[in-house]
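Written below as structure tokens is the structure these notes are about.
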Amino acid sequence: MRGIQNFLILVLLLLISGSKLSECARIFTIANYCRETIWPAITPGESFDGGGFALRTGQTIVFTAPIGWVGRIWARTGCNFDRNGNGSCQTGSCGSSLKCTASGKPPASLAEFTLAAVDYYDVSLVDGFNLPLVVTPINGRGNCSVAECDADLGRNCPAELAVRGGGRIIGCRSACDVFDTDEYCCRGVYGNPVTCDATYYSKRFKQACPAAYSYAYDDPTSIFTCSGSDYVVSFCSSRRQTVCSYHHNNLVCSGSMGLRPWWMMILAFIVTSALWKI
């Protein structure tokens, strides 16, 4: 009888501590809703297939990143790689390799993460724009807002910032990248949040994408926090689109609190009831 009691106590302790196990890593689902193949890039990329891969239209891929990972995710477009992983891209290129070990060449829409007890994440247009990008936290605790730029800035990109390829606009550069001045780049006497303010161009970006960084010190409305969350990084999707993550053998989708916490409470109640009867 005591053996059964000890077993039930162990089960209850595992149920209670189970939530802590999920805090040891974060599940990333990267999804392509674009009409063309893209080549996502991640740095550092040790936990993400070496930092680069092809992703066809409608395809998703799942990775697990450890707590302490600080990095960025973006998409490369118009790429052509040979069987050895050597080639070039129209936007977001990190050199001539499929596997990225360096930052992407602007313009590129960025998803940035700092994973810790409380995660920090954002979508940044500081390096310009090449594709709509949405970061959706799922099954987390805290504010956990969606970070996104789901508008196509290429359609309304000022002519002096536009990047063209194949007879169409394929990206929108930042004012810093084009004009290279201290004011636009938030450097020199403008290298602090007091003197570096929004400009005509960053205001255009902010109007189109209110939940994304439009310039270097655009912190208050652009950086978000969440704890113990999975993240879906989707390209060419909408902030309102339902996205899902496969977490602990459960399919958990945005807008859902998930099944696991309810099952934990039910099982804990069953175990507790059994202990009273012993």
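Every read-out reported here was derived from the displayed coordinates using simple, explicitly stated rules and does not represent laboratory data. Because the structure is a prediction, the values reported are computed rather than measured. No Cβ is skipped: glycine too gets one built from the backbone with ideal geometry, and neighbour counts run over all protein chains shown.
Below, the figures for the structure above:
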| item | result |
| --- | --- |
| Relative contact order, percent, segment 76-174 [alpha-carbon distance under 8 Å, six or more residues apart] | 20 |
| For segment 114-121, Karplus couplings with θ = phi - 60° (6.51, -1.76, 1.60), whole Hz, Gly/Pro x | 10, 9, 7, 4, 10, 7, 10, 8 |
| Trypsin sites (Lys or Arg not before Pro) restricted to DSSP loop in segment 172-259 with at most 15 other C-beta within 10 Å | R187, R240 |
| Of S202, G167, C186, farthest towards positive along the dipole that unit charges on Lys, Arg, Asp, Glu beta carbons give segment 143-216 | G167 |
| Using θ = phi - 60° and Karplus 6.51 cos²θ - 1.76 cosθ + 1.60, couplings along segment 147-158 (whole Hz; Gly, Pro as x) | 9, 6, 9, 9, 8, 8, 5, x, 5, 10, 6, x |
| Net charge, C176 excluded, C-beta distance under 10 Å - Lys, Arg +1, Asp, Glu -1 | -3 |
| Total formal charge among the other residues, if their Cβ is under 13 angstrom from that of Y217, Lys/Arg +1 and Asp/Glu -1 | -3 |
| Global form of segment 69-198, assessed from the alpha-carbon gyration tensor, a/c cut-off 1.5 | oblate |
| Among A75, G52, N86 - extreme Cα towards positive end, dipole of segment 48-114, charges at beta-carbon | N86 |
| 14 Å Cα-Cα reach of K206 towards aspartates and glutamates, excluding residues that sit fewer than 8 places from it in its own chain | D122, D127, E148, D150, D152, D197, D218, D219 |
